1. Binning at 5 Å from 0, report for region B:355-410 what percent of all alpha-carbon pair distances ends up in each bin.
2. How high is the relative contact order of region B:2-474, in percent, counting Cα pairs under 8 Å that sit 6 or more residues apart?
3. Using R₀ = 60 Å, calculate the FRET efficiency as 1/(1 + (r/R₀)^6) where r is the Cβ-Cβ separation of B:LEU453 and A:ARG206; round to 0.05.
4. Round to the nearest 0.05 the FRET efficiency obtained for A:VAL54 and B:TRP24 when R0 = 41 Å and r is the Cβ-Cβ distance.
5. Counting only helical runs of four or more DSSP H residues, what would the 222 nm mean residue ellipticity of the protein assembly as shown come to if each run contributes -39,500 (n - 2.57) and the total is spread over all its residues?
6. Given N residues in region B:228-313, what is its alpha carbon radius of gyration divided by 2.2 N^0.38 Å?
7. Taking only the alpha carbons of region B:184-268, what extent do you get along each of the three principal axes, in Å, biggest first?
8. Out of the trypsin sites (Lys or Arg not before Pro) in region B:180-288, which ones are loop residues according to DSSP with at most 16 other C-beta atoms within 10 Å?
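Since every read-out is calculated from the coordinates, none of them should be taken as a lab result. From a predicted model like this one, the values you see are computed outputs, not experimental measurements. Heads up, the Cβs are rebuilt from the backbone with ideal geometry, glycines too, and the neighbour counts pull from every protein chain shown.
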Amino acid sequence: MSNSLNSLLVMVLMLNLFALGTSRISSVIRTVAMQGALLGTLPLMLHGHISIGVVFIVALTIALKGVIIPGMMNRALRDIKIRREVEPLIGFQSSVMLGALGAISALLFAGLLPLAPQHADTLMVPAAIATVLTGFILLITRFKALTQVMGYLVLENGIYIFGMLLVDAMPLVVEMGVLLDLFVAIFVICIIVNRINQAFSSLDTRRLAALKE
Amino acid sequence: MAFFFIFYPVVMAALAALIPSDRWRPWLLPLAGTLHAVLTGCVLARQDPLSETAWLALDPLGKVILLVVSLLFLFCSYYAAGYLRLRGERPNRVFCVCLLAFLGVASLAAWSRHLGLQWVAIEATTLVTAPLIFFNRTQRSVEATWKYMVVCSVGIALALLGTFFLAYSALHAEHEASLMVHDLVQHAPKLSKPWLHAAFVLLLVGYGTKMGLAPMHTWKPDAYGEAPGVIGAILAGGVTSCAFLALLRAYHICVAAGEAPFVSRLLVFMGLFSMAVAGLFMVGQRDMKRMLAYSSVEHMGFLVLGLGLGAPALFGTLLHVVNNGLTKGILFLSAGNIHRAYNSKSTEQVSGAMRRLPLSGTLFLTGFLAITGSPPFGPFISEFMILNGAFAAGHAVVGALFLVLLLVVFIGMGAAVLKVVQGRPSSAARGTSYRDSLLTGAPMLGLLAVVVLIGVVLPAPLAALITDAVHFLEGQP
């Protein structure tokens with residue numbers, strides 16, 4: 001059980017590095033979609049038995065994280081002319097290095113936090129923290145609005161991994177609330193992405209610089 | 001009761017979406033605001049025992065926040081009706097729907113005794129207020145809305161991670177993982193300490209972003225600067241108070257766990273840092289609304305500082321939530337009127353507001369005096385209590401810094417405010433059509449009356465409410 005779980009989490013970590021290393025926005029979207037879909041299957045691995053409710057959650061998560069949100073992003077991408085992230089704050093290779101460093105420090109930090117016996121031999125906590133850090137790196141160092149939204153999604157994925165530790169204890173309602181909020185947040189961001197495009201004829205957030213001291 | 005509080009604004013929001021007339025739709029706002037204030041009055045007057053298992057129940061902390069939100073919304077809703085009449089050229093469907101929905105989710109935030117539910121409510125306040133900031137549809141408002149959404153979404157995501165950490169700290173202690181405030185406070189001493197510390201840091205950063213504590217305040221001047229004045233009031237008094245409630249819950253749990261020294265250090269540092277940053281940016285500020293935003297950063301700093309000082313300053317801190325919310329209402333509404341009359345919010349173009357708009361100009365000046373802690377207004381009492389608390393808790397250095405920063409802000413803000421209200425209005429400003437009217441003037445007077453009332457007599461029911469809340473936080477029945 002924990003073997004297959006850990007190999008899935010290692011794949012998630014690899015996808016993090018891949019998202020950091022690519023300049024094509026469409027491949028960032030594809031990477032994050034794949035990560036989301038992989039994470040959607042987590043509840044199946046964590047639960048001993050498979051009930052209708054679990055299957056429903058899994059299907060919903062995969063649909064949202066793997067299909068609907070990436071679909072919205074791709075549509076926004078089609079409407080604009082930008083294909084690549086140019087001149088990020090730090091280069092792509094350095095971002096990958098930074099992401100790897102983040103993963104290592106996540107492993108070290110997670111060692112300081114005591115785990116409940118049932119989670120002791122899984123990589124859940126370091127994977128969650130490393131993914132959150134990856135999301136931060138994408139948010140801070142990239143300037144295209146779409147890549148920043150992807151960064152936010154990666155951040156959410158990290159939080160989702162951690163949420164899975166509590167899947168038995170937390171009521172369904174809260175999970176649904178989290179997913180709903182994710183969807184609405186992305187939806188609003190998508191609308192704004194369209195607006196930025198209309199108003200500034202570019203999705204470069206560096207253009208958003210009228211408001212400063 | 002709780003369901004009614006949360007659902008009737010949502011139903012009215014749906015109704016607002018259905019009404020086709022831009023002229024009549026805004027009147028739903030005062031209707032909803034008045035009903036909410038009456039209901040809040042009834043709920044606060046009743047002394048129901050607090051249910052321990054209900055997800056929705058009103059504890060003393062929730063009562064304080066509900067009171068602020070309800071009072072502020074009541075006055076702002078009348079103002080909004082007057083404001084939207086002046087802005088007849090713009091469709092107001094989204095504005096009304098979002099503002100009504102805000103009332104619903106803010107009530108949910110005040111009522112929820114479940115941290116997950118509370119998180120959902122606070123995230124929802126971000127979502128429903130974003131279109132309000134975007135009301136003017138200028139390039140600058142797009143930029144402000146974008147920053148607001150990105151910064152607050154990331155902050156609130158960290159708060160979710162913090163909430164999960166908190167749940168895990170209970171799970172690790174081999175308790176049933178629960179996010180009910182009551183359970184967490186009861187089992188607080190047994191919670192796993194490393195997880196609790198990490199959770200508090202994440203919650204402070206996350207909800208601190210939503211409150212606008214430095215250095216996560218970057219969205220605030222932009223959003224407050226570009227949003228209509230009435231939305232600035234709602235954000236500065238309503239949204240921030242809801243986020244502060246979430247922080248209060250985290251504080252409550254940590255203190256019950258015996259971690260007061262750890263959280264105090266963090267809170268005092270964040271508070272002083274926010275005040276210092278606000279003071280720095282307020283000196284020489286040329287934009288009225290951005291100046292008010294930094295004043296909001298400063299007062300959020302007061303709140304977390306007061307919380308960090310602990311028992312001696314708690315009463316002052318909770319009273320300051322009320323005072324800050326209502327006084328910010330006066331300031332933002334009058335700044336909105338001045339902005340309308342001058343078509344500018346730059347202190348270089350706006351002058352002579354007391355001649356051009358006798359009511360709004362005077363109230364802007366009065367609001368400034370009130371918020372910077374001059375007697376006989378409410379904030380004087382609460383700021384004095386926090387200062388007193390600092391010395392009583394043995395933090396003389398903190399108290400001295402607090403005084404110095406108060407003085408810096410007073411001078412910085414005063415210079416800008418005096419430029420706005422004194423002198424002669426330019427001829428361009430005399431030519432605009434805006435005059436103070438009943439709907440855009442009276443709500444400010446109402447807010448002022450409450451602020452003066454608190455400053456002069458401190459009504460006994462309010463004092464009792466806050467004493468209850470302090471005892472609740474300290475864990476005495």
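1. Bins of 5 Å from zero give 4, 19, 21, 20, 14, 9, 6, 4, 2, 1 percent of pairs.
2. After rounding, I find 16 percent.
3. Approximately 0.75, to the nearest 0.05.
4. Calculated transfer efficiency: 0.25.
5. Theoretical 222 nm ellipticity from helices: -25000 deg cm²/dmol.
6. Expressed relative to 2.2 N^0.38 Å, the Cα Rg reads 1.21.
7. 48, 22, 18
8. The qualifying sites are B:ARG286.
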